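In what follows, a structure is listed as structure tokens, so that the remarks can point back to it.
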Amino acid sequence: MTTAAGRVWHGITALVVAIGVVMQTITAATSTGGEGFYKENPERVLNVFAYFTIQSNLLLGVTCLLLALGAGRQESTLFRTLRLNGVLCIAVTGIIYHLVLAGSDDLQGLAWVGNLLVHTATPLLGVLGWLLYGPRRQTSGRIVAWSVVFPLLWIAFTLIRGEATGFYPYPFTDVSLHGYGQVLLNCLFVALLFLALAAGATLLDRRIGRQTVER
């Protein structure tokens, strides 16, 4: 069961996610000078939701909101999978952004704030919230296996859509620049990072959960 402090933390996390996603959407809708792959709305706004960053933020935000409200079947396989997905995907988002992508854009004003929220603030809030408030003992090998489905679907969607439209959301997924061999290798590295984080999360969940029971 989520504690009162945990509900507050999760609620704040969901709020920061919402603000960050809204800011990113507004930035896309109002940018000028022909910036971006898509030049007109609503295509440029809808395209925001093709980014792994935004999708991982939404996964985190929705599951945190449910935890804050005490709503939903939180012991179900679906919720446990989505919760783990939210935490792992937002961690991957933060790591990949700061190791690979940071500094590639010259952002100012609202765009800078929105970028900070979805790439730095929410990864920190999401991971710390999971470490501090759980919920515990919800991760297992079966849940990890189900959690892999989402990133695999995102990769497949990105490559198929990119082939059809020419748009790839990140340089390391751009087949037109690197070819399928290098892009698939890049995706493999990200997948290995995801699995390493999943293994670490499973071990930590068991250890922290055991310590909580012993108290």
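The values are calculated or read from the model by the stated rules, or taken from the named source; none is laboratory data. Here the structure is a predicted model, which means the values were calculated and not measured. In this analysis, Cβ positions are derived from the backbone assuming ideal geometry, glycine residues included, and neighbour counts consider all displayed protein chains. Note: areas computed on protein heavy atoms with side chains; ligands, DNA, RNA excluded. Shrake-Rupley method; radii C 1.70, N 1.55, O 1.52, S 1.80 Å.
Some notes on this structure:
- Close Cβ contacts (under 9 Å, 6 or more residues apart or on different chains) running from residues in region 183-203 that are touching a residue at least 40 places away in the same chain (Cβ under 8 Å) to residues that are surrounded by 12 or more Cβ atoms within 10 Å (Cβ to Cβ) and small (Gly, Ala, Ser) comprise 193/91; 194/91; 194/147; 197/91; 198/147; 201/91; 202/140.
- Screening residue 160 against (1) farther than 18 Å from residue 55 by Cβ; (2) free of Cβ contacts under 8 Å to residues at least 12 places away in the same chain leaves a single unmet condition, (1).
- Residue pairs whose Cβ atoms lie under 9 Å apart, separated by 6 or more positions or on different chains, with the first residue in region 130-149 and farther than 15 Å from residue 78 by Cα and outside any loop (DSSP other than H, G, I, E, B) and the second open to solvent by 60 Å² or more (accessible area, probe 1.4 Å) and among the charged types (D, E, K, R), are 133/7.
- Residue in region 18-39 that is within 13 Å of the chain's Cα centre (by Cα), open to solvent by 30 Å² or more (accessible area, probe 1.4 Å), of a type outside the set (Lys, Arg) and within 22 Å of residue 156 (Cα to Cα) present: no
- Of residues in region 56-92 being touching a Leu at 6+ places or on another chain (Cβ under 9 Å) and of a type in the set (S, T, N, Q), the one surrounded by the fewest Cβ atoms within 10 Å (Cβ to Cβ): 74
- Among the residues listed as 145, 156, 201, the single one being open to solvent by less than 70 Å² (accessible area, probe 1.4 Å) and within 25 Å of residue 13 (Cα to Cα): 201
- The set of residues in region 159-174 being assigned to a helix (DSSP H, G or I) and either open to solvent by 20 Å² or more (accessible area, probe 1.4 Å) or of a type in the set (Lys, Arg) (or both) consists of 159, 160, 161, 163, 164, 165, 171, 172.
- Flag for residue 139 being modelled with pLDDT under 95, of a type in the set (Ser, Thr, Tyr) and over 21 Å from residue 48 (Cβ atoms): yes
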